[in-house]
Amino acid sequence: MPIAVIDSAASRIVRPDAEGLARAAEILRTDSVVAFPTETVYGLGANAFSEKAVAEIYRLKNRPTWNPLIVHVPDVAAARELTDEWPALAGDLAARFWPGPLTLVLRRARHLPGIGAANDTVAVRVPAHPIALDLLRASGLPLAAPSANRSEGISPTTAEHVIRSLPDVPLVLDGGTCSWGIESTVLDVTGDVPRLLRPGALGLRVLRDAAGAITLPESETVDGAERPSPGMSRRHYAPRARAILCEAVRDVDRSGLAEPIATLVYEGSDGTEVLSADPREYAADLYAALHRLDDAGFATILIQEPPHTEDWLAVRDRLSRAAA
């Protein structure tokens, strides 16, 4: 009788049942890492109070240490314990949008180590995914968690994406496909006027309705410089293939471009990947589409530029960084 061979990578993708959650919590308590689903993308979580555990995130991702991490907690009370100040606006936004895809940057409590950068702030959110919340409660830990992929690469929206990008991750809780498919919006509420640090799943228009005036980024943050939020690097969310943004993919001179060449469009039917013309639906499938094109072996991806409107701000941010 032949000996059964266990696929070690696949065996590390586990169901988020009681046994799977117990295994994940045990790993987290030993200062290691676990990948888990959120409503935005899959995160690579570690005990936010353990410098050893947080260092393992940076090692596995090959992430520069000046790029900070978001801390995930199960509720508002846990978020407040990590902060030195809790402005009234933070309370209003948390009441309206948590659990959900909004990250708030606040003054960091002195007992919490700096999460990847020598600054006095912490980025924190309460995720809406039930498995993420179950894991936070099972472990009893605040979890520092960036996207569960190699630094600068495409964020993962399935457990399989995680394993392909991070084959050494100890455990992945499989929650299926992430519903939003794009990272959380990050808002700095440490000043008099809230400041948008990273556009994301929660739209700017909705945020303005709740927070009033919001300051938008005026310039790029230089790589290596201290920053209060992830997602501010010049190159990020990038496929292995060369990504090129263009107004009309048909009109691009393809001589000199590495082949095979794929096209990603949001209207018509003449693209290798055709995504929805609705910005929310487009965002939900963007990373999955880039993963599919990379997996198919395309060397160049011509990407139709989305509209220059506020509704498309987060998508444009991701595509511009992917093509940097």
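Every number in this text was worked out from the coordinates using simple rules, so none of it is lab data. Predicted model, so just to flag it, every value in this text is computed and none were measured. Positions of Cβ are backbone-derived with ideal geometry, glycine not excepted, and every protein chain shown enters the neighbour counts.
Length available on full extension from R254 to L216: 0.36 nm per residue minus the Cα-Cα distance, which gives 10.1 nm.
A simple spin-label model places the labels of A88 and R15 5.0 nm from each other, with each point 7 Å out along Cα-to-Cβ.
Derived scalar couplings between HN and Hα for region 68-73 equal x, 10, 8, 9, 9, 9 Hz in order, rounded to whole Hz, by the Karplus curve 6.51 cos²θ - 1.76 cosθ + 1.60 (θ = phi - 60°), x for Gly and Pro.
In this structure, the amide hydrogen of G153, modeled 1.01 Å from its nitrogen in the peptide plane, lies closer than 5 angstrom to those of Y237, A238, counting only residues at least 5 positions away or on a different chain. Each part gets one Cα centre, and for region 158-203 versus region 62-101 those centres are 13 Å apart. For region 98-114, the Karplus equation 6.51 cos²θ - 1.76 cosθ + 1.60, evaluated at θ = phi - 60°, returns couplings of 9, x, x, x, 10, 9, 10, 9, 9, 5, 7, 5, 5, 7, 9, x, x Hz by residue, with Gly and Pro reported as x.
When ranked by the protection proxy of mean other Cβ atoms within 10 Å per residue, highest first, what sequence do the peptides 68-77, 262-271 form? Walk me through the intermediate numbers first.
Values: 68-77: 21.6, 262-271: 16.6.
The packing order, highest mean first, is 68-77, 262-271.
Can you list the residues, at least 5 places off or on another chain, whose amide H is less than 5 Å from the amide H of T215, using H built in the peptide plane? The answer is R195, L196. In this label model, A77 and A22 are separated by 2.6 nm, measuring between points 7 Å along each Cα→Cβ vector. Under 1.5 on a/c is rounded, so check that first for region 242-322, then, if it is not, pick prolate when a/b is larger than b/c and oblate when it is not; a ≥ b ≥ c are the square roots of the alpha carbon gyration tensor eigenvalues. Prolate shape, in that a/c is at least 1.5 and a/b is the bigger ratio.
Among 186-197, 307-318, how do they line up from the highest to the lowest mean number of other beta-carbon atoms within 10 Å?
Details: 186-197: 19.4, 307-318: 17.3.
Highest-to-lowest ranking by the protection proxy: 186-197, 307-318.
Each residue of region 244-257 is assigned a 3J(HN,Hα), and the resulting list reads 10, 7, 8, 5, 9, 5, 5, 8, 6, 6, 8, 5, x, 7 Hz, derived from the Karplus form 6.51 cos²θ - 1.76 cosθ + 1.60 (θ = phi - 60°), x at Gly and Pro. If amide hydrogens are placed 1.01 Å from N in the peptide plane, which non-local residues have theirs closer than 5 Å to the one on A243? The answer is I301. FRET efficiency for the pair R208 and S276, taken as 1/(1 + (r/R0)^6) with r the Cβ-Cβ distance and R0 = 25 Å, rounds to 0.55.
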